[in-house]
Amino acid sequence: MKTDTPLEYMCPYCGAFNEFSEDTIRDMYQEQVETCGCCKKNLSLTAANGVEGRINLVISEL
């Protein structure tokens, strides 16, 4: 699965929306660490296959 547009996700700590634009095929099911643009908390993001060819992001606070 590949997407050319950034994936949008909400920070579980402050609720701010962020974008995730990594190559999701290469890193599918691999944990990646991103920082929230608003509260600067470190977040764990894991891209996974979703329904109907979509990509789900599993996000948790580190």
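Where a number appears in this text, it was derived from the coordinates with a stated rule and is not lab data. The structure presented is a predicted model; accordingly, all values stated were derived computationally and were not measured.
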More than 15 angstrom apart: percent of Cα pairs within the chain
45
Contour minus end-to-end for GLU52 and GLU8, with contour as 0.36 nm per residue of separation and end-to-end as the Cα-Cα distance?
14.1 nm
